[in-house]
Structure formats: C-alpha cells, structure tokens
Amino acid sequence: MTTHPDTVLIIDFGSQVTQLIARRVREAGVYCEIVPFQSAAEAFRRIDPKAVILSGSPHSTVDIGSPRAPEEVFQAGIPVLGICYGEQTMCAQLGGKVEAGHHREFGRAFLEIEGDCALFDGVWAKGTRHQVWMSHGDRVTAIPAGFKVVGTSTGAPFAAIADEARKFYAVQFHPEVVHTPDGAKLLRNFVHTIAGLRSDWTMAAYREQAVEAIRKQVGKSRVICALSGGVDSSVAALLIHEAVGDQLTCILVDHGLMRKDEAADVVAMFRQHYNLPLILVDASDKFISALEGESDPEKKRKTIGRLFIEVFEEEAKKLAKDGERADFLAQGTLYPDVIESVSFTGATSSTIKSHHNVGGLPDRMNMKLVEPLRELFKDEVRALGKELGLPDSFIGRHPFPGPGLAIRCPGGITRDKLEILRQADAIYLDEIRKAGLYDAIWQAFAVLLPVQTVGVMGDGRTYEFVCALRAVTSVDGMTADFYHYDMQFLGRAATRIINEVRGINRVVYDVTSKPPGTIEWE
C-alpha cells in the first residue's frame, strides 16, 4: 500500500457494518484503514493515525476476554470516536461502567440532544430530537471522569457522550448507516472539525500515487493481468498500462460462463480503443466439462478458481517460451476483499475469497501480485475508471461475479442450461435498458432455478424451467432493497423471455432484500 500521512484508523470489533464507517470517512475525502482488533496495536504503531474510530461488535464488554482497544489509542493525544460497542469499551477501559440485561434497542430510535459538542456542531442543537439507528443489548450505566452527556434515548441514558478536552467522543447509535439520516455529517465533523483533516483523498491524487507505486514495484519486469471484463480488472489494467505500458499483457479467459457477447465486447474495447496487449483464451470446454452436473455451489467456485489458475499458468509458460516471462500477476482486488481476508481468515489477499476470480495464487507460479486497487471501495474504483477515461456506459455496468453464470444456475450445470440462462439474462437487461431503468438499479440479473413446471403454451403442454429475475437498489453495496418495478414492465420482460427462450415457461420476481453486512450479492 502507498503511504498516507493523514490516516484515520478504524478498529474493527466484528460489526457487520464496519465497512460503512470507512465508506463515510472516505466520502468526506479522508483516507482510512480498517484493522481487526487482534492486530490493532501493531497497526496503530505502523500507521501512526491522526484519529481512531472504534466500531460496533456482536460481543459484550461484560464477558471475560471480550475485545478491547489498545491502551495506546487513549494515550496518544489524538481524537477517538467510539460507536456502539466502541462506546462501551471506551467507557469500560477509561473507568466507566457497562451492564448487561437492560432495556434493549434495535432499530429506529430517537436521540434527545442534551448538550452541545464539536461532534454535533452545525448538525444537531441542544433541545432538539433526531432519528438514529440503534443495535445494542448492553448499555453504559456510568461514564468515565471528564465526560459529559450530550444525548439520551429511551434505552440509553448515555447515548452520546463527549470529553472535549481529550477529544474523545462516543455514541451508542450507528451514524454510519443510512437509517441515521445525519450520521454522515457527524462523521465529517469528527474527521474535519475535531481531527482537523483535509479532504485530500481524491482519485486524481490516488492515480498519481498508484502509477508511481506500480513503476517502483514492477521496475522493468513484465506483468500479466487477469482481465475479466468487469470494472475492477479493467480499471486495474488501464492503471497498470499507464504505469508500465507494453510491459503489461492482459489475458481474458472465456470460461463459457460470461454474459451474451461479453468476451467479444471486451476484446473490441481493449484492443481497438485502448490498444492494450490482450490474449483471449477460449477455455469454455475446459470449464464447462469440469462443472457439468456439479450442484454444490462452493465446489463450483473452487473448481472455477482452480481452473483459472491452471489457464493463467499455461499462458504464463507460453509467454516465457517467447521470451516474455512475467514476474507479476495483476488482479483487481478491492479493499473489501482485503478486509475480509485479514479479518476473518488471518490471510493476505493472495488467498482471495472463493467467489472472486482466481481463488488464490499458488507458490509454484513463482509470481508476485500487483494489486493497484486494494485500497479502494467499488464506487472509488468507478471514480478512478472515469479519471482514466473509461466510458460512462462501462463504468456504470452492474457488478458481475467472477464465477459468472455458474452461480446463477443453481443445481447441476449443463451447456444447455447455461445457454438458456444467457438468453434470458440478455433479454431482461435489454428490457431494463429500453425502459431507462439501468442506471437506477445497482444490480440486475436472471437466475435459472433448478425447478421445472408444467405449463400450457398454445395448444400444447410444456415441462420447462422457471426463471427468476432479480433487481436491487443500493447506495454502497453493503445493504440493498429490491427494485419496485411496475407490473407492466415485469409483464413485458416475462412475456419476451417465455416467448423467445425455449426451455423457460414461467418467470418469477425475487423481492427479498439484502441484509446489512453482506458484501457480495450473487
């Protein structure tokens, strides 16, 4: 990672929405990093942050061995903000008291503002009442010396507290979620007004720093890039090409699980428009043969990851024979991947989550990773893509997972089922674009369910598959709700799919929502 002198350190105690804290800080133009509490002391010394935020947690501070913040955080003379569990551990560590078994608060609550403080400056005034989002069973029953109460709620008499002299602040509610309407403003106050940090985290600055970092890392060596056609790998490829030019060779693996015409579209854009060295590998027979009949979703992912590695290994050997041996493999790893790998497995990003592109980099390849996007969230990658000149139509593409259609075809995979799904998905997206809805939806796709039903079409009976349609809206990719289509649109899309795709005789719409904290939705 590049060095950022003005960094906010977020200590993660296991909250499912910790990444949202980072999103809000980044949106304020300030760089931040998330570290698990287990390694927080080392990270605090290494990063030397200008401020610290303590996250929520499913743990209870009253339990023996529950997570704590490193003591040096409170001794460094820098601003600290505790959120939910973060407030509780701050109070427990500084001489206050936390008890279990009191009135619980989960969901919408209302905060009564009892006093002024820098955290509320320009947002909430004394004597006013505001909606917040709570999620706690324990509560603070005594605050440490030096703190004052600035906010209360029905279930939390110390819902917001402040020690202005030490610049310590704590709230029982979650300002990072959209359900606390003014929460982002409070976090901006913390990083700007209280910590005094500037809004200098921009994609223009990141582009410049990243190009220099890539050049320094790669030197005169060659790089191969695992280009999938998605936004992440495409932005990574353009950034690396800007840094090292023709030292980069992109490899696009057509595994037979891509959307309709996707491989051809990607090749046309990168070869013709950007003039990037690009190798297209048609490995569809290899992948589909290995997946055929497999119904276990995790085995599908693992198989796809293993085969990706094998294909890249083969192509790397071919390049080496031609005198173009590559020492580096580039990947579009994003910051959420890094956070999850470190927080939950203790691994590095060379062991990428199983539902991402390659599933890990084996030692036998003897290659080093180049991951120029590993500090970025998805929306930041899109902003960087725009900075690099990618067209808006490409930047705004809906997310598409590395395993592709394999995980949108539950049950056993066959070539016929993949082709049915590919056609249905293309029709669905076409109807969305025709209706002018594509940019209003965060992600939309079709799923071929492992269910067949009897239907009557014309004068004959059919026994064909059910197709499910999915569309969600999201601000940050962390939480989402189903898109509220009108019935006319669904009728048009369903009619086209049934009429034009042989093998489907019924279409349903999925109206479940995505719960907080799940990063990926497939």
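The values are calculated or read from the model by the stated rules, or taken from the named source; none is laboratory data. Remember, predicted model here, so these are calculated numbers, not experimental data. Glycine also receives a Cβ, built like all others from the backbone with ideal geometry; neighbour counts cover every protein chain displayed. Ligands, DNA and RNA are excluded from the accessible area calculation, which covers all protein heavy atoms including side chains. Shrake-Rupley method; radii C 1.70, N 1.55, O 1.52, S 1.80 Å.
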Mind counting the residues in region 446-472 that are surrounded by 15 or more Cβ atoms within 10 Å (Cβ to Cβ) and of a type outside the set (A, V, I, L, M, F, W, C)? 5
Within region 237-259, the residues that are among the hydrophobic types (A, V, I, L, M, F, W, C) and touching a strand residue (DSSP E or B) at 6+ places or on another chain (Cβ under 6 Å) are Ala237, Ile240, Leu248, Cys250, Ile251, Leu252, Val253
So, of the residues in region 268-281 that are out of contact with any Asp or Glu (no Cβ under 8 Å at 6 or more places or on another chain) and within 22 Å of Lys317 (Cα to Cα), which turns out to be surrounded by the most Cβ atoms within 10 Å (Cβ to Cβ)? Leu276
Condition met for Gln443 (open to solvent by 10 Å² or more (accessible area, probe 1.4 Å), within 26 Å of Lys300 (Cα to Cα) and polar (S, T, N, Q)): no
Single match in Val447, Val370 (criterion: within 27 Å of Thr202 (Cα to Cα) and aliphatic (A, V, I, L, M)): Val370
Given the structure, is Ala435 under 21 Å from the mean Cα position of the chain (by Cα) and surrounded by fewer than 18 Cβ atoms within 10 Å (Cβ to Cβ)? no
Tell me whether region 239-246 contains one or more residues that are part of a helix (DSSP H, G or I), under 30 Å from Lys97 (Cα atoms) and open to solvent by 30 Å² or more (accessible area, probe 1.4 Å). no
Provide a single number: the residues in region 199-220 that are among the small types (Gly, Ala, Ser) and in contact with a helix residue (DSSP H, G or I) (Cβ under 7 Å, 6 or more places away or on another chain). 2
Selection within region 278-325 - in a strand (DSSP E or B) and of a type outside the set (Asp, Glu): Leu278, Ile279, Leu280, Val281
Do we find that Gly86 is within 21 Å of Gly151 (Cβ to Cβ) and not polar (S, T, N, Q) in this structure? yes
Yes/no for Ile407 being touching a Gly at 6+ places or on another chain (Cβ under 6 Å), assigned to a helix (DSSP H, G or I) and within 25 Å of Ser228 (Cβ to Cβ): no
Test: residue in region 141-151 that is open to solvent by less than 20 Å² (accessible area, probe 1.4 Å), assigned to a strand (DSSP E or B), in contact (Cβ under 8 Å) with a residue 40 or more places away in the chain and not aliphatic (A, V, I, L, M): yes
Criterion: of a type in the set (Val, Ile, Thr), open to solvent by 10 Å² or more (accessible area, probe 1.4 Å) and within 13 Å of Arg259 (Cβ to Cβ) - qualifying residue of Ile420, Ile427: Ile427
State whether the residues of region 492-504 include one that is surrounded by 17 or more Cβ atoms within 10 Å (Cβ to Cβ), modelled with pLDDT of 80 or more and part of a strand (DSSP E or B). yes
Among what's in region 190-202 and is open to solvent by 20 Å² or more (accessible area, probe 1.4 Å) and outside any loop (DSSP other than H, G, I, E, B), pick the residue that is nearest to Tyr31 (Cα to Cα). His192
Scope region 60-84; condition touching a Gly at 6+ places or on another chain (Cβ under 8 Å) and at pLDDT below 95; matching residues: Ser60, Pro67, Cys84
Restricting to region 154-181, name every residue that is open to solvent by 10 Å² or more (accessible area, probe 1.4 Å), out of contact with any Phe, Trp or Tyr (no Cβ under 7 Å at 6 or more places or on another chain) and assigned to a loop (DSSP other than H, G, I, E, B). Thr154, Glu164, Ala165, Arg166, Lys167, Val178, Pro181
Can you name every residue in region 410-435 that is part of a loop (DSSP other than H, G, I, E, B) and under 19 Å from Ala494 (Cβ atoms)? Ala435
Would you please name the residue that is most open to solvent (accessible area, probe 1.4 Å), looking only at residues in region 203-238 that are more than 29 Å from Ile304 (Cα to Cα) and acidic (Asp, Glu)? Glu208
Within region 82-102, track down each residue that is in contact (Cβ under 8 Å) with a residue 40 or more places away in the chain and part of a loop (DSSP other than H, G, I, E, B). Cys84, Gly95, Gly96, Ala100, His102
Phe106: under 18 Å from Gly14 (Cα atoms) and open to solvent by 50 Å² or more (accessible area, probe 1.4 Å), yes or no? yes
